[in-house]
Amino acid sequence: MSNRIWVSWLTRWGIVLIVSLITLAPVIWVLSLSFKPPQEWLAYPPTLIPRQPTFENYLVLFWPGNPVGVVSEMVRTAEPVTRAFLNSLLIVPISTALSITIGFLAAYGISRFGAGGNFLPFSVLTTRMFPPIAFAVPLLVYYRSLGLIDTHLGLILMYTTFTLAFSLWMIKGFIDGVPRHIEEAAILDGASRWRVMFTITLPLIRGGLAAAALFVFIMNWTEFLFALVFTSRFAVTLPVQVSRYAGAVGRYYGPQAALGIVASIPVLVAGYLIQRYLVRAFTFGLVK
Amino acid sequence: MAREGQILIRLENITKEFNGTIAVRDLNLEIWEGEFLCFLGPSGCGKTTTLRMIAGLERPTRGEIYLRDQRITDWPPQRRNIGFMFQNYALFNHMSVYENLAFGLWVRRVPREEIERRVRSVAQALELEPVLHLRASRLDLSTMQRVALARILVIEPQVLLLDEPLNNFRPGLRELMRAELKRWQYQFGRTMVYVTHDQEEALTLGDRIVVMNAGHIEQVGTPDEVYQRPATLFVASFIGRPSMNLLPVEYRISEGRAFLVSPDFEIPVDERREIIEKSRSLPNLILGVRPEQLRIHDPQESSPPDLIRIPAQVDLVRPQGRKLILDVKTRSGALLQMVVPSIRRFVAGEQLEIAFYPHQILLFDPQTGKGLC
Amino acid sequence: MASVEVRQLYKRYGRIQALQGLDFSVKDGEFFCLLGAPGAGKTTTFRIIAGLEKPDRGEIRIGGELMNAIPPQQRDVAMVFEDVALYPHMSGFDNIAHPLRLRRFPEAEIRQRVSEVAELLRISHLLHRLPHTYSGGERRRVAIARAMIRRPRVLLLDQAFTDLDAKIRQEMAAELKRLQRETGQTMIYATHDFEEAVAMADRILVIRDGRGIQVDEPHALYNRPATTFVASFLGSPGMNLLRCQAIPGPEGTCFSRSEFMLSFPLRLQEEREVILGIRPEHLQIHLNQFPGALEAEVEIIQPLGLERIVDLRIGPLVLKAIVSADLPLRLGQKVWLSWPFEHLFVFDAETEERIYPE
């Protein structure tokens, strides 16, 4: 009998291991590539651990003309990614925070008061119903007349708006899950609706908010189309910069790999910070 | 009804652990064919877990289950041919009553004519014919209960397991449904295993009652046995409403005669001397007398010599419909409960004389909790 | 503490008329009970009294003041919900302290009041823990503590003890009664369990389909029910009710059905259809036949300690009786029933109202 249990345990973990390896294989490869000097980029047979690891690929991203090594010779004419990196670090968190905040307020109104009736909550979804490119053209006209092209504000507004559908609907689901009676008990205790929202409802959906925030963060961080169309120099974000880099220095795999890693780091950090809220959300268990 | 000796199900050394907590510990039990067996105990005592293990919904951590001498411990629920009635009935709300009843047979690939025959026969027996075509979500609670029962009966299982099905019914309706359950049990003669935390329910329904506490069995017996001869303090105080009155007493021998002494009374117990003296907690014992055995004595009336009389004062009057529960306080401050028919009104502070017969009392060992009899 | 007046309350949800002219008052310091089947309108009434819902028509007065326009936060009404509704992310202490913290009471006073209330409800030892670690009974006590801490004018308990074990329910009912006596808190308790209602309440209102049927002290409801509904709702088993034809005669009235005929020395005006009632504890079973007795067959026996509940069959009828366990009965046995006049009730078959005793 315990043999059966042993076999099923092995099968389960075996599958997990295989799937993980397959999923992570490209990431591991890129990581290894980012530390390889030029002579190893295309070496055959391919190695996992670089024979002569170097940080130059990373250095070159931010300081293309650096006097240190060989790589800089190749990419001297490229643009440093510093500006794009900082832009992304500014625009994405702000628009994520805005999206979640507005989403929470709106979701509360819809869940508890039926705000917007049958129509309004669904109309928010229209932003996701069309291919983004369909919005790009009319928005371009708006933005030009408003002077928002290539501005941080312009992108922030756009990202907030287009992720609102996700925020609102995800958060609404979590708010629906908070029993009304708990809020009503607080009301009878004497709390105003605002107080109830922030001291009772909010703490109880912390996990949900964290999950929604992470989701929106990733969406914004990797957003390419609108950034491409609506920025040129000042408000360029990391995804756009990556594409330019690829175009400009196409065959330079090392720096490209390094850029890929660098672009992923903030998301990983965000995910790490938020994960304990995600776990808590599931174990809190609204008490019956 | 119960044919003693015909064992249908046997539980041998059953233990169940959940994440380090032991829900059921070393349980041994025989379930007889055709009987109505009740598991009785407070929440968390392991009764539902045991029921689920019999059904196959949980697997015992240790121990074996036998169905007519066949080892079924590993068998999945479908194979055991056991009907399980859940606490909230778990009907398929979007289906009609007919479809609900037919579902189990349909899943077991019973031919259509046979399904039709069995469904109609059970529906007739449980008076469900008028609602066969209705959607399950439109039924009232007692009809839902009948449908849930019918759904199991249609499969013609060997045993029916019921998990507190009457829990949320109000008292009047509960009594009606209990009588119905008993009637169906007579009619169909199936073995039924019923889980409840309501001792009244167990007393009225069970041919035998299994009283459980903290994962183990305290006593197995007929309703009369657990009521009149409780094996432990737990059983004595769990059975009966209100709970049995328990008082500490001292065993004393004076002038060659044995007595039980408390601040309020003295009871001669020569007949029980032998049994009492086996207890290792002497001289301390616990005396139990049921609230319904205490009566109010009119001080003017003469009384038989062995009647024990205690002066007391009414503390709280609690009406119960046809009866009254009186909380009374003795001179020494002990609180007793008694049940009297609600013939007259009582007032808090009223002085009374309460009385009982020595042969009605039960004695328990304060350390082991076991009954002395 | 205050009195509560509910006047002509109407409330409709979609197509369902939940309340139809509900009318009652609760005295200051009284333990009042709303008794009715699920769906009768108890919770709706509570929510309107608390201010969580607005009635379509009707008035609520607390302490004589009209409350209709006043928001729930300011009504000084506390409610214990059926599902308890403790704040899961706060400790027991914080849960109980919440109403006072909202009103910005000084921390020292909060601590003192919480420990007083916790003492009263015997939960002092678990205040530091979170609600999900509590047992069912403990959760309810914390909820009651939270409701009582600000000494509200009215405390509403909506089926506060469902889903607790039978024994624990009875203990809590006794405790709650004692608590109410000691504090003098005006309490209104909603339940479908008549035993709970009778054990705790000073007065009970029986509700059916959003209407009040009878309001009275528990023993009066039990001994003088106004309608057949009240008669069968209170009592487990409920009162035996039989439809028959009442035919007045020179010495009394004859009550007849196809199965039997009974005569009683009471006067009715005219021949009409009535419902006879007798409580199971008053129906008497005799082992031998005698004139005027009804013959019946023992169908079901349910033992209950020193008593037994017996189902007796007369043709298509089933009567229930409660008798001493000493009476020797077997299934299928023929017995004879007598129906004592002093415990007889007669109700009008159409209106279901009590005709006798007046």
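The values are calculated or read from the model by the stated rules, or taken from the named source; none is laboratory data. Quick caveat: nothing in here was measured; it's all calculated off a predicted structure. We place every Cβ from the backbone using ideal geometry, glycine too, and count neighbours over all the protein chains shown. Each accessible area value is taken on the protein alone, full model and side chains, heavy atoms only, with ligands, DNA and RNA left out. Shrake-Rupley method; radii C 1.70, N 1.55, O 1.52, S 1.80 Å.
Some points to look at:
- Residue in the stretch C:276-296 that is without any contact (Cβ under 8 Å) to a residue 12 or more places away in the chain, open to solvent by less than 60 Å² (accessible area, probe 1.4 Å) and either touching a Cys at 6+ places or on another chain (Cβ under 8 Å) or not polar (S, T, N, Q) (or both) present: no
- Conditions (1) at pLDDT below 95; (2) among the aliphatic types (A, V, I, L, M); (3) out of contact with any Lys or Arg (no Cβ under 6 Å at 6 or more places or on another chain): number failed by C:Ala199: (3)
- Residue in the stretch C:174-192 that is closer than 26 Å to C:Val77 by Cβ, small (Gly, Ala, Ser) and within 12 Å of another protein chain (Cβ to nearest Cβ) present: yes
- Of all residues in the stretch B:279-337, those being assigned to a strand (DSSP E or B), open to solvent by less than 30 Å² (accessible area, probe 1.4 Å), within 12 Å of another protein chain (Cβ to nearest Cβ) and in contact with a Gly (Cβ under 9 Å, 6 or more places away or on another chain) number 0.
- Screening A:Pro26, A:Pro50, A:Pro45 for residues that are outside any helix (DSSP H, G or I), out of contact with any Pro (no Cβ under 6 Å at 6 or more places or on another chain) and open to solvent by 50 Å² or more (accessible area, probe 1.4 Å) leaves exactly one candidate, A:Pro45.
- Of all residues in the stretch C:56-81, those that are more than 8 Å from chain A (Cβ to nearest Cβ) and closer than 13 Å to A:Glu184 by Cα have Cβ atoms under 8 Å from Cβ atoms of residues that are charged (D, E, K, R) and crowded, with 22+ Cβ neighbours inside 10 Å, 6 or more apart or on another chain, in C:Val80/C:Arg140; C:Val80/C:Asp158.
For every residue, the table says whether it meets (1) surrounded by 14 or more Cβ atoms within 10 Å (Cβ to Cβ); (2) within 14 Å of chain B (Cβ to nearest Cβ); (3) at pLDDT 95 or above.
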| position | (1), (2), (3) |
| --- | --- |
| C:Ile300 | yes, yes, no |
| C:Pro316 | no, yes, no |
| C:Ser324 | no, yes, no |
| C:Gly332 | no, yes, no |
| C:Trp339 | yes, no, no |
| C:Glu342 | no, yes, no |
| C:Asp348 | yes, no, no |
| C:Thr351 | no, no, no |
| C:Ile355 | yes, no, no |
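- Here the helices (runs of 4 or more DSSP H) wholly within the stretch B:165-243 that include at least 3 residues being over 15 Å from the mean Cα position of the chain (by Cα) are B:171-188.
Yes/no matrix, rows are residues, columns are (1) open to solvent by 50 Å² or more (accessible area, probe 1.4 Å); (2) away from chain C (no Cβ under 14 Å):
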| site | (1), (2) |
| --- | --- |
| A:Ala107 | no, yes |
| A:Phe119 | yes, yes |
| A:Pro131 | yes, yes |
| A:Ala191 | no, no |
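- Any hit, the stretch A:229-236, residues being open to solvent by 30 Å² or more (accessible area, probe 1.4 Å), modelled with pLDDT of 90 or more and farther than 18 Å from A:Ser99 by Cβ: yes
- C:Ile144 being without any contact (Cβ under 8 Å) to a residue 60 or more places away in the chain, on the phi < 0 side of the Ramachandran plot and of a type in the set (A, V, I, L, M, F, W, C): no
- Taken over the stretch C:235-247, the criterion of being more than 14 Å from chain B (Cβ to nearest Cβ) and either open to solvent by 20 Å² or more (accessible area, probe 1.4 Å) or of a type in the set (Val, Ile, Thr) (or both) is satisfied by C:Arg243, C:Gln245, C:Ile247.
- Across the stretch B:62-110, the number of residues qualifying as of a type outside the set (S, T, N, Q), in contact (Cβ under 8 Å) with a residue 60 or more places away in the chain and assigned to a loop (DSSP other than H, G, I, E, B) comes to 4.
- Answer from B:Leu40, B:Leu27 - the residue that is aliphatic (A, V, I, L, M) and closer than 25 Å to C:Leu164 by Cα: B:Leu40
- Scanning the stretch C:98-116 for residues that are under 21 Å from C:Leu157 (Cβ atoms), more than 10 Å from chain A (Cβ to nearest Cβ) and aliphatic (A, V, I, L, M) gives a single hit, C:Val114.
- When the residues of the stretch A:1-48 are filtered to those that are among the hydroxyl-bearing types (Ser, Thr, Tyr) and closer than 27 Å to A:Gly254 by Cα, the one that is farthest from the chain's Cα centre (by Cα) is A:Tyr44.
- Note on the stretch A:240-261: residues that are surrounded by fewer than 18 Cβ atoms within 10 Å (Cβ to Cβ) and without any contact (Cβ under 8 Å) to a residue 60 or more places away in the chain amount to 5.
- With respect to being modelled with pLDDT of 80 or more, open to solvent by 50 Å² or more (accessible area, probe 1.4 Å) and under 20 Å from the mean Cα position of the chain (by Cα), A:Ile218 fits the description.
- Residue satisfying condition, being within 14 Å of chain B (Cβ to nearest Cβ) and either modelled with pLDDT under 90 or in a loop (DSSP other than H, G, I, E, B) (or both), within set C:Pro291, C:Pro250, C:Pro280: C:Pro280
- Members of the stretch C:154-204 found to be of a type in the set (S, T, N, Q) and on the phi > 0 side of the Ramachandran plot, listed by number: C:Gln159
- Candidate set from the stretch C:48-74 (those that are in contact with a helix residue (DSSP H, G or I) (Cβ under 7 Å, 6 or more places away or on another chain) and under 30 Å from C:Tyr134 (Cα atoms)); member that is least open to solvent (accessible area, probe 1.4 Å): C:Ala50
- Considering only residues in the stretch C:204-228 that are surrounded by fewer than 21 Cβ atoms within 10 Å (Cβ to Cβ) and in a helix (DSSP H, G or I), the one that is nearest to the other protein chains (Cβ to nearest Cβ) turns out to be C:His219.
- Residue in the stretch C:135-158 that is assigned to a helix (DSSP H, G or I), open to solvent by 40 Å² or more (accessible area, probe 1.4 Å) and among the polar types (S, T, N, Q) present: no
- B:Ser243 falls short of the stated requirement of being in contact with a Leu (Cβ under 7 Å, 6 or more places away or on another chain) and either among the aromatic types (Phe, Trp, Tyr) or open to solvent by 10 Å² or more (accessible area, probe 1.4 Å) (or both).
- Within the stretch B:137-172, the residues that satisfy the criterion of being crowded, with 20+ Cβ neighbours inside 10 Å, of a type outside the set (D, E, K, R) and at the interface with chain C (Cβ under 10 Å from one of its Cβ atoms) are B:Pro171, B:Gly172.
- Inclusion of C:Arg113 among residues that are touching a residue at least 12 places away in the same chain (Cβ under 8 Å), under 21 Å from C:Thr191 (Cα atoms), open to solvent by 20 Å² or more (accessible area, probe 1.4 Å) and not in a loop (DSSP other than H, G, I, E, B) is not warranted.
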